[in-house]
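This report refers to the structure that appears directly beneath it.
Each reported figure results from applying straightforward, stated rules to the coordinates on display, with no laboratory input. Values in this document were obtained by computation on a predicted structure and should not be read as measured data. Reconstructed Cβ throughout: ideal geometry from the backbone, glycine too, with neighbour counts over all protein chains shown.
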Amino acid sequence: MKTFKKHLFEAMNGPKVIMIGGPGSGKSTYSEIITKKLGIPHIYTGDMMRELAKQDTPNGKKVKELLSKGEFAPLNVVIDTVKTRLEQPDAQRGYIFDGFPRNIEQAKRMEKENIEYDYVVNLEVSEEEVVRRLTARGRADDKPEIIKNRLKVYHRETAPLLDYYKDEIINIKAEGQTPEEIAKTIMREIR
């Protein structure tokens with residue numbers, strides 16, 4: 001039986017969510033909306049790695065080279081960066097991982113490192129919609145040839161996570177509605 005204090009503590013904390021989806025599926029958009037509403041951090045490894053790539057360090061140079069080809073950053077670098085971020089006070093109440101873990105190797109390492117999660121949300125978006133969204137975004141790494149490579153990398157590396165988490169995954173159709181409507185649907189599922 002839960003004590004009132006334990007129940008109150010759980011009620012005050014937000015969820016710990018893994019947001020999975022291909023490039024352009026809306027992971028960041030929905031994560032931003034939800035984290036603002038719940039007062040928990042949006043932990044976006046993509047931005048974290050892009051920031052690292054700007055640094056004139058051995059890790060920064062390696063990450064920059066890999067990102068320029070549409071590849072992922074090395075596992076140890078990603079895990080160390082995430083663990084450092086989770087030590088911040090705001091992450092103690094909950095968080096949303098945006099695009100982490102990216103593959104089964106990262107998921108297994110997460111478990112080994114005791115990085116917690118409560119929910120796994122999979123954003124389902126058609127490939128045509130992904131290409132439309134990404135080319136409209138206009139980021140330097142959103143050129144058609146890089147997008148195609150990122151989709152290949154996603155199918156090879158990340159799609160197997162759907163099977164890995166199959167017993168606990170929450171599938172959300174992430175197109176055809178406004179971002180706010182889709183975020184509300186996700187919030188209903190994780191609360």
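With +1 assigned to the C-beta of every Lys and Arg and -1 to the C-beta of every Asp and Glu, and no other charges, what is the dipole magnitude of segment 97-161 about the Cα centre in debye, to the nearest 20?
With only Lys, Arg, Asp and Glu charged at Cβ, the dipole is about 340 debye.
What's the Kirkwood radius of segment 145-191 in Å, using all Cα pairs?
By the Kirkwood definition, the hydrodynamic radius is 12.7 Å.
For each of 97, 72, count neighbouring Cβ atoms within 10 Å of the residue's Cβ, then give the residues from fewest to most.
On the way: 97 26, 72 23.
Fewest-to-most ranking of 97, 72: 72, 97.
May I ask you to derive the FRET efficiency for residue 188 and residue 112 from their Cβ-Cβ distance with R0 = 30 Å, giving the value to the nearest 0.05?
Working from the Cβ atoms, E equals 0.40.
Given only helices, namely DSSP H runs of n ≥ 4 each adding -39500 (n - 2.57), what is the per-residue ellipticity at 222 nm of the chain, to the nearest 500 deg cm²/dmol?
Calculated mean residue ellipticity at 222 nm is -15500 deg cm²/dmol.
Among 81, 21, 97, whose Cα projects farthest towards the positive end of the dipole of the chain, with charges put on the beta-carbon of Lys, Arg (+1) and Asp, Glu (-1)?
81
Can you match mean projected area of the Cα convex hull in nm² to one of these, [x] 17.1; [y] 11.6; [z] 9.8, based on a calculation from the structure here?
Of the listed options [x] 17.1; [y] 11.6; [z] 9.8, [y] comes from this structure.
What is the magnitude of the charge dipole of the chain about its Cα centre, with +1 placed on the Cβ of each Lys and Arg, -1 on the Cβ of each Asp and Glu, and no other charges, expressed in debye to the nearest 20?
260 debye
Collect residues whose amide H, placed 1.01 Å from N in the peptide plane, falls under 5 Å from the amide H of residue 170; neighbours closer than 5 in sequence don't count.
Those lying under 5 Å, H to H, from residue 170 are 120, 121, 122.
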